[in-house]
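In what follows, a structure is listed as structure tokens, so that the remarks can point back to it.
The values are calculated or read from the model by the stated rules, or taken from the named source; none is laboratory data. Model, not experiment: these values are computed from the prediction. Here the Cβ positions follow ideal geometry from the backbone for every residue, glycine too, while neighbour counts run over all protein chains shown. What goes into the accessible areas is simple: the full protein's heavy atoms, side chains included, and nothing from ligands, DNA or RNA. Shrake-Rupley method; radii C 1.70, N 1.55, O 1.52, S 1.80 Å.
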Amino acid sequence: MKKLLLILFSFFLLAGCKDQGVSPVDDSIMLDGSINGKEMVTGLDYRFRLELEVLADAGFQWDCSFSDSSVVQLDRVSYRSGSTTYPPPPGGSVFETFYFKTNAQGSCTVRLIHHQAWMPNVPPRDTVSFQVYVR
């Protein structure tokens with residue numbers, strides 16, 4: 001009975017937030033490298049994330065840039081091991097997740113490069129670039 005009351009109370013509490021214009025953060029849309037070369041249309045205050053494999057143990061990193069950072073900005077970045085064992089094996093896969101949010105109407109090209117930053121004259125190992133339209 002207590003569990004049911006707690007669930008009902010939580011439901012009404014969340015429903016009350018919705019009526020006050022508070023919307024939950026929806027970063028459940030997970031993009032991957034297949035977004036490369038594509039476009040997406042979204043609204044204001046929208047959050048989305050992009051997960052890419054990174055060769056971190058070889059010194060590679062993903063760097064992100066924006067054609068207009070007033071339209072889309074990087075909110076945060078997180079890392080996770082692709083391994084299910086602990087500790088993860090050396091040389092195992094690592095995934096970097098980029099969390100983005102939209103701030104203004106307009107368009108923005110998001111570009112990520114996978115490179116070894118200390119080797120500026122070497123072309124990136126990989127690039128991911130996509131267009132975001134905020135309506």
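In the stretch 4-36, of all residues being touching a Phe, Trp or Tyr at 6+ places or on another chain (Cβ under 7 Å) and open to solvent by 50 Å² or more (accessible area, probe 1.4 Å), the one that is modelled with the highest pLDDT corresponds to Asn36.
Tell me, yes or no, whether the stretch 81-96 has at least one residue that is open to solvent by 40 Å² or more (accessible area, probe 1.4 Å) and of a type in the set (Phe, Trp, Tyr). Within the stretch 81-96, one or more residues are open to solvent by 40 Å² or more (accessible area, probe 1.4 Å) and of a type in the set (Phe, Trp, Tyr). Taking Asp63 as the residue in question, decide whether it is acidic (Asp, Glu) and not in a strand (DSSP E or B). When the stated conditions are applied, Asp63 does not pass them. When Ala104 is tested against (1) touching a Phe, Trp or Tyr at 6+ places or on another chain (Cβ under 6 Å); (2) surrounded by 12 or more Cβ atoms within 10 Å (Cβ to Cβ), exactly one condition is not met: (1). Entry remark, the stretch 41-68: residues being farther than 20 Å from Glu96 by Cα and at pLDDT 95 or above number 2 in total.
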